[in-house]
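The values are calculated or read from the model by the stated rules, or taken from the named source; none is laboratory data. Predicted, not measured: the structure shown is a model, and the values here were computed from it. Cβ placement follows ideal geometry from the backbone for every residue including glycine, while neighbour counts extend to all protein chains displayed.
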Amino acid sequence: MVTYDEFGGQWDHVPPPTAPGVSDRWGPGTRIPAVVISPLLRGPKVSSLPADTTSILATIEDRYGLAPLTSRDASVNSLATLFGPGRKYR
């Protein structure tokens, strides 16, 4: 997974999501550009899965069967669904 900080969503065309479970006491997570490269991917595509930087942590937790570290990573979407059917999705 390759990602970078593009200055806090300055170039975003919509505001970050604020639905319950997406925000916590620190506010909503920012969306960031990310590229996922793996031989396990189901082909090249653009994902519309709502995710933020914490989703990377959630993906690692799902992959290795680890418990979430905080309530934030427990409530965000994992990127595991990008790797094929049957993968865990929160």
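For segment 4-19, the criterion of being outside any helix (DSSP H, G or I) and modelled with pLDDT of 70 or more is met by at least one residue.
Within segment 37-87, the set of residues being in a loop (DSSP other than H, G, I, E, B), of a type in the set (Ser, Thr, Tyr) and loosely packed, with under 10 Cβ neighbours inside 10 Å comprises 38, 48.
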